[in-house]
1. Please report the net charge: other residues with Cβ closer than 12 Å to the Cβ of residue 216, K and R +1, D and E -1.
2. I need two numbers for region 40-121: Rg to one decimal and Dmax as a whole number, Cα atoms only, in Å.
3. Output the direction-averaged projected area (hull surface divided by four) of the convex hull of the alpha-carbon atoms of region 270-319, in nm².
4. Report the full-extension gain for the segment residue 14 to residue 256: residue separation times 0.36 nm, less the Cα-Cα distance, to one decimal in nm.
5. Could you give P(r) for region 301-407, binned at 10 Å from zero, as whole percent values over all Cα-Cα pairs?
6. Which of 30, 408 has the fewest other C-beta atoms within 10 Å, and how do the rest follow up to the most?
7. What whole-number distance in Å separates the alpha-carbon centres of region 268-306 and region 41-81?
8. Provide Rg and Dmax in Å for region 385-474, with only Cα atoms included in the calculation.
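Please treat every number below as a calculation from the coordinates, not as lab data. The structure presented is a predicted model; accordingly, all values stated were derived computationally and were not measured. No Cβ is skipped: glycine too gets one built from the backbone with ideal geometry, and neighbour counts run over all protein chains shown.
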Amino acid sequence: MADEKSSTPAAKLWGGRFNEPTDAFVERFSASIQYDSRLYRQDIRGSQVHCRMLARQGILTDEEADAIIQGLTTVGGEIERGELPFSNALEDIHMHVESRLRELIGPVAGKLHTARSRNDQVATDVRLYLRGEVDRIRRALYDLQKALVDLAANNVETILPGFTHLQSAQPVSFAHHLLAYVEMLERDFGRLGDLRGRMNRLPLGSAALAGTTFAIDREWVAKELGFDGLCENSLDAVSDRDFVIELASAASLIMVHLSRFSEELILWTSPGFNFVELPDAYCTGSSIMPQKKNPDVPELIRGRSGRVNGHLMALLTLMKGLPLAYNRDLQEDKEPIFDTVDTVRDCLRAMAGLVPGIAPRKERMLEAAGEGFSTATDLADYLVRRNLPFREAHAVVGRIVRIAEESSRDLDQLELAELQAVDPRIGSEVMDVLSVEASVNARTAIGGTAFETVGTAVTGWQDRLRARVEKRSD
Ligand code: ARG
């Protein structure tokens, strides 16, 4: 809980040049501790490595460094256990840690900030923190992909109407439809891997903006903190937030994918479609209409995509027009990106939990797959194989569809003679291409929806996901 009293200038770690205390409201207005306290582990780890480096370089003595490093471990434990009170007077997590360190070990604590500024410190903390979040989101993406592939494996031969313009178009395998989302999530996984590489560079050592006068060893610090390299321009290092925006952008795309799938689940559970049943544990009822079972979880995921997209816009707008180097505006990167990673992780988890409980109503899906003359393209393809140009075949089938529509029948309910009256080149074997099963199974080229092709795709994904887990446990 942050207090509201204004503190004396001397109490501030930067209070030296000030005569008057900070206004109490301004303290609250400018404090970030309420949300940046979640960086405490990264802040402490970064400080400990920085401190050890200062000792290695002879800038601090080993005794000084030992006292600081031990003290920082104590502070970390206190924060972990919720024992350190937060105060707006101390602004942010960096000040809280340092000020508590001074209470614990005395003035030597003041040596920790040698060759460092909060500007390179916060940039380092955020990179470390988000790096961990990227890894967690990638694991959550895997979990959802796994759930989708498992459901697909049981539904290779389940037929669903495929839509364009939300109009019945051509029948497809339900597994094929599910694997479309696995593909989207795979691109998300790759994007996070790419941006992680750019994110994983060390800003620390850039100090306030211009670098430091001390003979520090940035490479050693980078290695100790698991960074792949250094930010090589101090001005850029302290003011770059591209990695935050890249993550927000990748997160927005994840949410777009989840939102599209949510929308489909919402449609599929509505009475007009009635294609799937969702697990009770992921739905809620209505307080007035006893018959209702609402798809709240997909609806909330669809809704939260708006929040994450909004954060991306906020971050882009935050950075636009900022002069070099650090500006306090940059403190405003935290709430949007923290909420982004929380939201994406929760939504992935919710969806991965829901997917195994999706129960397709196979009969109903199959019935719907045959509606709307969904095998008309197959009839046209049949005529093309009988040597009609596709455009001509298209026109012939158009006439046949009109006959079927006018007499309220499906294509496979028309008599052969009626078909031949439209075009005498139609033979009796045409009936074999008009069923939905035949239509699905005719599409055998890679990427198509034939059962066998989809079965191969499912096995391919199972192997790929298994290899991912094995790589992780190396
Ligand atoms: N809380 C600040 C932030 O998040 C830390 C850096 C403050 N630096 C400064 N020069 N006031 O950006």
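1. On the way: positive: 52, 56, 116, 218; negative: 120, 217, 219.
Value of the local net charge: +1.
2. So, for region 40-121, Rg and Dmax equal 11.9, 35 Å respectively.
3. Values: hull surface 21.2 nm².
Convex hull of Cα atoms, orientation-averaged projection: 5.3 nm².
4. Values: separation 242, 0.36 × 242 = 87.12 nm, distance 4.42 nm.
Net length gain for the segment: 82.7 nm.
5. 11, 20, 15, 13, 19, 15, 7, 0
6. Details: 30 14, 408 7.
By the 10 Å Cβ count, ascending, the order reads 408, 30.
7. 51
8. Taking only Cα atoms of region 385-474, I get Rg and Dmax of 20.3, 67 Å.
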